[in-house]
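Peer 1: Mind looking over this structure? Questions follow.
The values are calculated or read from the model by the stated rules, or taken from the named source; none is laboratory data. Since the structure is predicted, the reported quantities are computational estimates derived from the model, not experimental observations. Here the Cβ positions follow ideal geometry from the backbone for every residue, glycine too, while neighbour counts run over all protein chains shown.
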């Protein structure tokens with residue numbers, strides 16, 4: 001099935017439950033995830049119809065082996081350690097280097113990748129994961145149970161979802177060299193979903209590498225993926241090359257799962273912070289694919305024979321993250337004043353342009369089965385007078401709100417400028433701080449460095465993959481919300497999980513840890529030479545792509 005065909009589908013709850021009915025105990029109904037589609041209620045002006053995803057179609061020629069794919073990035077990634085960051089630029093690169101125990105098929109159901117199978121017994125309290133045998137790491141070592149255990153334990157110390165899994169794990173042991181056993185205090189209903197996570201996912205690293213690493217820095221970039229890391233020359237490129245020893249997963253290509261053709265000799269990721277330079281480089285043939293591009297370029301590029309443009313339905317949302325550990329924005333009254341001050345439409349127009357956004361309260365755009373309007377009465381309130389009165393009666397003393405952004409992602413920068421203007425109109429003082437992407441990523445991890453930043457939240461097929469844990473940037477830590485997230489992770493009944501998620505979304509709008517502004521359409525821009533790109537919702541998958549001459 002072509003990417004555009006399954007991306008546009010809406011899997012409703014009845015379909016999900018039907019799919020779940022054929023699953024073994026190891027795969028809860030909640031893990032049989034929604035297909036992608038715009039779960040929305042209008043908004044955004046002129047409608048833009050999704051065009052077929054040309055990147056997944058070929059001209060009829062057979063895939064061609066050879067060549068170097070050149071991908072223009074918005075800047076330098078902060079690191080190449082998948083455990084460390086939710087930065088999508090890291091996943092774009094490392095998604096071809098590292099692999100996880102499970103991944104996503106074309107229906108966004110979790111399926112084995114490095115795992116061969118998993119079995120759940122003892123009422124959900126024992127999970128046995130059998131590993132594929134003969135899978136080599138890029139350093140020549142064979143992947144074994146000890147590598148999987150070391151990787152899961154590290155991920156479980158760093159990532160909120162992993163912390164949730166390890167909190168209910170009594171023991172994690174190697175049954176034999178190719179099997180690991182979880183003994184749980186209570187069932188963890190989203191087990192394969194959690195271990196399918198892409199952004200900040202549980203990449204499996206060699207134990208020998210982790211023994212030379214710590215929880216903040218990876219000593220070496222070694223995985224099991226179809227491409228191996230060669231070099232990182234800052235301000236020049238990150239270079240990957242085909243891993244000839246790759247152990248291909250069984251089965252045909254299916255979403256992110258199955259066979260990988262490895263047609264490309266190399267993939268070169270080139271930092272190009274200036275968007276105009278990225279576009280010019282694509283048109284001139286210097287680059288084959290652009291990491292991201294603002295929709296402003298759509299009218300001029302869609303008819304350019306040197307460029308192929310793919311329009312996708314809304315699956316990403318613009319949000320403003322607030323720092324709940326800042327002396328200013330830790331005050332709920334101040335956060336509510338910010339919420340009331342905003343008119344979302346001008347912000348979205350500045351970021352994406354007329355017709356390229358939608359106003360919906362759901363926190364999982366693109367996953368129709370999880371659509372919720374909980375908290376909708378607090379979404380896009382447009383009440384500046386009320387915001388001004390609330391601010392005057394709050395603890396706010398006129399100190400500047402430090403708002404972080406980058407010009408490397410033009411949509412985020414444009415939105416931040418309008419956000420700043422709207423806050424100033426109700427009495428806030430705003431200090432807009434502009435950084436390169438890598439510096440921004442570092443600064444937003446410093447709880448003393450900021451009050452707000454703007455970010456694009458990408459597609460998630462399941463709410464446990466939406467990082468709203470206490471450890472996530474912004475540090476939204478309340479016992480009630482944390483308990484709901486714990487229930488969301490452990491519950492296996494789909495309808496109950498939908499109800500729990502609606503409660504989380506309600507608290508999101510009441511407690512204002514972030515501000516959802518609206519959903520955005522994306523355009524994918526590439527050279528017509530580039531064929532065979534797989535799904536793009538979580539990351540563009542180049543493992544079956546090739547370059548035509």
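Peer 1: Residues in the stretch 439-455 that are over 17 Å from the mean Cα position of the chain (by Cα) and assigned to a helix (DSSP H, G or I): how many?
Peer 2: Number of matching residues: 4.
Peer 1: Residue under question is residue 334, and the condition is that it be touching a helix residue (DSSP H, G or I) at 6+ places or on another chain (Cβ under 9 Å), modelled with pLDDT of 95 or more, more than 24 Å from residue 105 (Cα to Cα) and assigned to a strand (DSSP E or B); does it hold? Can you show your working first?
Peer 2: Working: touching a helix residue (DSSP H, G or I) at 6+ places or on another chain (Cβ under 9 Å): yes; modelled with pLDDT of 95 or more: yes; more than 24 Å from residue 105 (Cα to Cα): yes; assigned to a strand (DSSP E or B): no.
In short, no.
Peer 1: Would you please name the residue that is surrounded by the most Cβ atoms within 10 Å (Cβ to Cβ), looking only at residues in the stretch 494-506 that are in contact (Cβ under 8 Å) with a residue 40 or more places away in the chain, within 29 Å of residue 331 (Cβ to Cβ) and touching a helix residue (DSSP H, G or I) at 6+ places or on another chain (Cβ under 7 Å)? Quick ask: steps written out before the conclusion?
Peer 2: Our first condition is that a residue be in contact (Cβ under 8 Å) with a residue 40 or more places away in the chain; within the stretch 494-506, this holds for 494-495, 497-498, 501-506.
Next cut, within 29 Å of residue 331 (Cβ to Cβ) only: 501-506.
Those still in the list that are touching a helix residue (DSSP H, G or I) at 6+ places or on another chain (Cβ under 7 Å) too: 501, 503-504.
Values: 501: 25, 503: 17, 504: 21.
Checked the stretch 494-506; the qualifying residue surrounded by the most Cβ atoms within 10 Å (Cβ to Cβ) is 501.
Peer 1: Looking at (1) outside any helix (DSSP H, G or I); (2) within 22 Å of the chain's Cα centre (by Cα); (3) without any contact (Cβ under 8 Å) to a residue 60 or more places away in the chain, which is the one condition that is false for residue 431?
Peer 2: Among (1) outside any helix (DSSP H, G or I); (2) within 22 Å of the chain's Cα centre (by Cα); (3) without any contact (Cβ under 8 Å) to a residue 60 or more places away in the chain, the lone unmet condition for residue 431 is (2).
Peer 1: Another question, if that's okay. Take the conditions surrounded by fewer than 24 Cβ atoms within 10 Å (Cβ to Cβ), modelled with pLDDT under 95, over 24 Å from residue 155 (Cα atoms) and in contact with a strand residue (DSSP E or B) (Cβ under 6 Å, 6 or more places away or on another chain) and apply them to residue 251. Does it pass?
Peer 2: Values: surrounded by fewer than 24 Cβ atoms within 10 Å (Cβ to Cβ): yes; modelled with pLDDT under 95: yes; over 24 Å from residue 155 (Cα atoms): yes; in contact with a strand residue (DSSP E or B) (Cβ under 6 Å, 6 or more places away or on another chain): no.
Considered against the rule, which asks whether it is surrounded by fewer than 24 Cβ atoms within 10 Å (Cβ to Cβ), modelled with pLDDT under 95, over 24 Å from residue 155 (Cα atoms) and in contact with a strand residue (DSSP E or B) (Cβ under 6 Å, 6 or more places away or on another chain), residue 251 comes out as no.
Peer 1: May I ask you to say which residue of 320, 347 is more than 25 Å from residue 463 (Cα to Cα) and touching a helix residue (DSSP H, G or I) at 6+ places or on another chain (Cβ under 7 Å)? Break it down stepwise before answering.
Peer 2: Values: 320 fails: more than 25 Å from residue 463 (Cα to Cα).
Within the list 320, 347, the selection yields 347.
Peer 1: Sort out which residues of the stretch 286-338 are over 30 Å from residue 446 (Cα atoms), out of contact with any strand residue (DSSP E or B) (no Cβ under 7 Å at 6 or more places or on another chain) and buried (at least 21 other Cβ atoms within 10 Å of the Cβ), and write them in order of number.
Peer 2: Listed by number, the list holds a single entry, 297.
Peer 1: Can you work out which of the residues in the stretch 474-489 that are surrounded by fewer than 19 Cβ atoms within 10 Å (Cβ to Cβ) and in contact (Cβ under 8 Å) with a residue 40 or more places away in the chain is nearest to the chain's Cα centre (by Cα)?
Peer 2: Across the stretch 474-489, the extreme among qualifying residues is 475.
Peer 1: Can you work out which of the residues in the stretch 182-200 that are assigned to a loop (DSSP other than H, G, I, E, B) and under 18 Å from the mean Cα position of the chain (by Cα) is nearest to residue 109 (Cα to Cα)? Outline the logic, then answer.
Peer 2: Keep residues of the stretch 182-200 that are assigned to a loop (DSSP other than H, G, I, E, B), which gives 185-190, 195-200.
This time we only want the ones that are under 18 Å from the mean Cα position of the chain (by Cα), so: 190, 195-200.
Values: 190: 11, 195: 12, 196: 9, 197: 12, 198: 13, 199: 16, 200: 19 Å.
The residue in question is 196.
Peer 1: Might you let me know whether the stretch 526-535 holds any residue that is closer than 30 Å to residue 331 by Cβ and not in a helix (DSSP H, G or I)? If you could, list the steps in order and put the result at the bottom.
Peer 2: Going residue by residue through the stretch 526-535, those that are closer than 30 Å to residue 331 by Cβ are none.
Among the residues of the stretch 526-535, not one is closer than 30 Å to residue 331 by Cβ and not in a helix (DSSP H, G or I), which makes the answer no.
Peer 1: Of the residues that sit in the stretch 126-135 and are touching a residue at least 60 places away in the same chain (Cβ under 8 Å), out of contact with any helix residue (DSSP H, G or I) (no Cβ under 8 Å at 6 or more places or on another chain) and surrounded by 15 or more Cβ atoms within 10 Å (Cβ to Cβ), which one is farthest from residue 227 (Cα to Cα)?
Peer 2: Kept after step one, since they are touching a residue at least 60 places away in the same chain (Cβ under 8 Å), are these residues of the stretch 126-135: 127, 132, 134-135.
In the following step, the residues that additionally are out of contact with any helix residue (DSSP H, G or I) (no Cβ under 8 Å at 6 or more places or on another chain) were identified as 132, 134-135.
Narrowing further to those that are surrounded by 15 or more Cβ atoms within 10 Å (Cβ to Cβ): 132, 135.
On the way: 132: 19, 135: 14 Å.
Restricting to residues being touching a residue at least 60 places away in the same chain (Cβ under 8 Å), out of contact with any helix residue (DSSP H, G or I) (no Cβ under 8 Å at 6 or more places or on another chain) and surrounded by 15 or more Cβ atoms within 10 Å (Cβ to Cβ), the top hit is 132.
Peer 1: Check whether at least one residue in the stretch 500-513 is farther than 27 Å from residue 255 by Cβ and assigned to a loop (DSSP other than H, G, I, E, B), and report yes or no. So that I can check it myself, show each step before the final result.
Peer 2: First, pick out the residues of the stretch 500-513 that are farther than 27 Å from residue 255 by Cβ: 502-503, 506-513.
Then drop every residue that is not assigned to a loop (DSSP other than H, G, I, E, B), which leaves 512-513.
Yes: the stretch 500-513 contains one or more residues that are farther than 27 Å from residue 255 by Cβ and assigned to a loop (DSSP other than H, G, I, E, B).
Peer 1: Do you know which of the residues in the stretch 150-164 that are crowded, with 22+ Cβ neighbours inside 10 Å and at pLDDT below 95 is farthest from residue 190 (Cα to Cα)?
Peer 2: Looking at residues that are crowded, with 22+ Cβ neighbours inside 10 Å and at pLDDT below 95, I get 159.
Peer 1: Let me ask something additional. Out of the residues in the stretch 417-428 that are surrounded by 15 or more Cβ atoms within 10 Å (Cβ to Cβ) and free of Cβ contacts under 8 Å to residues at least 60 places away in the same chain, state the one that is nearest to the chain's Cα centre (by Cα). Lay out the reasoning, then the answer.
Peer 2: Residues of the stretch 417-428 that are surrounded by 15 or more Cβ atoms within 10 Å (Cβ to Cβ), as a first pass: 417-420, 422-423, 426-428.
Subsequent filtering for residues that are free of Cβ contacts under 8 Å to residues at least 60 places away in the same chain retains 420, 427.
Details: 420: 26, 427: 34 Å.
The extreme case among them is 420.
Peer 1: If you don't mind, there's one more thing I want to ask. Which members of the stretch 139-149 meet the condition of being surrounded by 21 or more Cβ atoms within 10 Å (Cβ to Cβ) and not in a helix (DSSP H, G or I)? Explain how you work it out, then say what you get.
Peer 2: Just the residues of the stretch 139-149 that are surrounded by 21 or more Cβ atoms within 10 Å (Cβ to Cβ), to begin with: 143, 145, 147-148.
Result: 143, single match.
Peer 1: Tell me, which residue of the stretch 372-412 that is in contact with a strand residue (DSSP E or B) (Cβ under 6 Å, 6 or more places away or on another chain) and at pLDDT 95 or above is surrounded by the most Cβ atoms within 10 Å (Cβ to Cβ)?
Peer 2: If we take residues in the stretch 372-412 being in contact with a strand residue (DSSP E or B) (Cβ under 6 Å, 6 or more places away or on another chain) and at pLDDT 95 or above, then 404 is surrounded by the most Cβ atoms within 10 Å (Cβ to Cβ).
Peer 1: Answer yes or no: is there a residue in the stretch 307-326 that is modelled with pLDDT of 95 or more, closer than 17 Å to residue 518 by Cβ and assigned to a helix (DSSP H, G or I).
Peer 2: So far as the stretch 307-326 goes, no, none of its residues is modelled with pLDDT of 95 or more, closer than 17 Å to residue 518 by Cβ and assigned to a helix (DSSP H, G or I).
Peer 1: Is it true that residue 223 is crowded, with 22+ Cβ neighbours inside 10 Å, at pLDDT 90 or above, outside any strand (DSSP E or B) and out of contact with any strand residue (DSSP E or B) (no Cβ under 7 Å at 6 or more places or on another chain)?
Peer 2: On the way: crowded, with 22+ Cβ neighbours inside 10 Å: yes; at pLDDT 90 or above: yes; outside any strand (DSSP E or B): yes; out of contact with any strand residue (DSSP E or B) (no Cβ under 7 Å at 6 or more places or on another chain): yes.
When the stated conditions are applied, residue 223 passes them.
Peer 1: Quick one: in the stretch 254-276, of everything that is outside any loop (DSSP other than H, G, I, E, B) and out of contact with any strand residue (DSSP E or B) (no Cβ under 8 Å at 6 or more places or on another chain), which residue is surrounded by the fewest Cβ atoms within 10 Å (Cβ to Cβ)?
Peer 2: Going residue by residue through the stretch 254-276, those that are outside any loop (DSSP other than H, G, I, E, B) are 254, 257, 266-271, 275-276.
Next, from what is left, pick out any that are out of contact with any strand residue (DSSP E or B) (no Cβ under 8 Å at 6 or more places or on another chain): 275-276.
Numbers: 275: 22, 276: 10.
The qualifying residue surrounded by the fewest Cβ atoms within 10 Å (Cβ to Cβ) is 276.
Peer 1: I'd like to know if the stretch 170-181 contains one or more residues that are outside any strand (DSSP E or B), touching a helix residue (DSSP H, G or I) at 6+ places or on another chain (Cβ under 9 Å) and under 30 Å from residue 457 (Cβ atoms). Before you say what the answer is, go through the steps one by one.
Peer 2: Initially, the stretch 170-181 is screened for residues outside any strand (DSSP E or B), giving 177-178.
With the extra rule that they be touching a helix residue (DSSP H, G or I) at 6+ places or on another chain (Cβ under 9 Å), the set shrinks to 177-178.
Next cut, under 30 Å from residue 457 (Cβ atoms) only: none.
No; the residues of the stretch 170-181 include none that is outside any strand (DSSP E or B), touching a helix residue (DSSP H, G or I) at 6+ places or on another chain (Cβ under 9 Å) and under 30 Å from residue 457 (Cβ atoms).
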